[in-house]
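Working notes for the structure below.
The values are calculated or read from the model by the stated rules, or taken from the named source; none is laboratory data. All figures in this text were calculated on a predicted structure; none of them were measured in a lab. Heads up, the Cβs are rebuilt from the backbone with ideal geometry, glycines too, and the neighbour counts pull from every protein chain shown. Just so you know, the surface numbers come from the protein's heavy atoms only, side chains and all, with ligands and any DNA or RNA stripped out. Shrake-Rupley method; radii C 1.70, N 1.55, O 1.52, S 1.80 Å.
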Amino acid sequence: MSLFHRETSSSININNAMASIDFSSSFTNYIEKHYRYPYKELVFLCIGTDRSTGDSLGPLIGYKLAKPLERHNNIHVYGTLEEPVHAKNLQDQIDFIHTNFSHPFIVAIDACLGKVDRVGYITIGSGPLNPGAGVNKQLPSVGDLHIMGIVNLGGYMEYMILQNTRLQLVMKMADTIAEGIKFSIWKLQKQKLLS
């Protein structure tokens, strides 16, 4: 669970009719701009736990991406409902990725808390995210690109807020992100930018 504190121009409202297309367009632009030599592997690191509704965004996205993307040799998904990546194993997963892949480009995905008027927005940006910041945990920063879904209001009683986050919002956000990523991968494969 990250804490959203910066504005970004790549922000998508999941309640817009074209949210998946808007997300896919932004995601594709970031990949085209940043996924270049020497990067060889594209790794989706979906952070969170299935034990908390608000923090289940990452594992839900990982679950939705794992099967469709497994046919791509250079694309990998970590953090699913079956095998979540969370506070207790995050550093081990980061070490595993850097040990086993040659020049991985890591797309870090996490839920976050934010201002009331930003709940339901997805943000995409270059650089790492800080998982655990939303619940005052010190965890390693991770990602060459980050995707954050603002699932609820931050600022007080974060654990209670996470437990009382609506599953409908988290599922809609997970669908928007997963569909957008799958469409982007298809489009980038056609353009031969991902081989």
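Restricting region 12-121 to trypsin sites (Lys or Arg not before Pro) that sit in a DSSP loop and have at most 15 other Cβ atoms within 10 Å of their own Cβ leaves 36, 40, 51, 71, 88, 115.
To the nearest ten degrees, helix 57-69 and the longest principal axis of the Cα atoms of the chain are 20 degrees apart. If you sort 55, 117, 110 by accessible surface, 1.4 Å probe, largest first, the order is 117, 55, 110. Each residue of region 161-177 was assigned a 3J(HN,Hα) from its phi angle through the Karplus expression (A = 6.51, B = -1.76, C = 1.60, θ = phi - 60°), giving 4, 4, 5, 9, 6, 5, 4, 4, 5, 5, 5, 5, 5, 4, 4, 4, 5 Hz with x at Gly and Pro. Among the protein heavy atoms of region 27-181, carbon and sulfur supply 49% of the accessible surface, probe 1.4 Å, non-protein parts ignored.
Have a look at 106, 177, 97 and tell me which one the Gaussian network model of the chain (Cα, springs below 10 Å) gives the largest fluctuation. Result for the chain, Cα springs under 10 Å: 97 fluctuates most.
What is the distance in Å between the Cα centroid of region 161-195 and that of region 95-124? Each part reduced to its Cα centre gives a spacing of 12 Å. Solvent exposure of the chain amounts to 49 Å² per residue of accessible area, where only protein heavy atoms count and the probe is 1.4 Å. Of the GluC sites (Glu not before Pro) found in region 11-112, those that fall in a DSSP loop while having at most 16 other beta-carbon atoms within 10 Å are 70, 82. Straight-line cross-link partners of residue 88 among the lysines, defined as a Cα under 23 Å from its Cα and at least 8 positions apart when in the same chain: 64, 137.
Scaled against the 2.2 N^0.38 Å expected of a compact globular protein of N residues, the Cα radius of gyration of region 155-195 reads 1.82.
Build a GNM of the chain with springs between Cα atoms under 10 Å: which of 149, 62, 120 gets the top mean-square fluctuation? Looking only at 149, 62, 120, the largest GNM fluctuation is found for 120. Taking Cβ atoms as reference points and 10 Å as the exclusive limit, the residues near residue 193 contribute a net charge of +3, counting Lys and Arg as +1 and Asp and Glu as -1. The residue among 173, 10, 25 whose Cα reaches farthest toward the positive pole of the charge dipole of the chain, with charges on the beta-carbon of Lys, Arg, Asp and Glu, is 25.
The reciprocal of the average 1/r between distinct C-alpha atoms defines the Kirkwood hydrodynamic radius, which for the chain equals 16.3 Å.
DSSP finds beta bridges in the chain, and of those with both partners inside it, around 30 percent are antiparallel.
A cut-off of 5 Å between modelled amide H atoms, ignoring neighbours fewer than 5 places along the same chain, links residue 79 with 46, 85. Amide H contacts for residue 105 (H built 1.01 Å from N in the peptide plane; partners 5 or more residues away or on another chain; cut-off under 5 Å): 40, 41, 42, 43. Rg/Rh, computed from the Cα trace of region 30-99 with Rh as the Kirkwood radius, has the value 1.00. Once you treat every alpha carbon in region 110-195 as an equal point and sum by Debye, what is log10 I(q)/I(0) at q = 0.20 Å⁻¹? Calculated log10 I(q)/I(0) at the listed q: -0.99.
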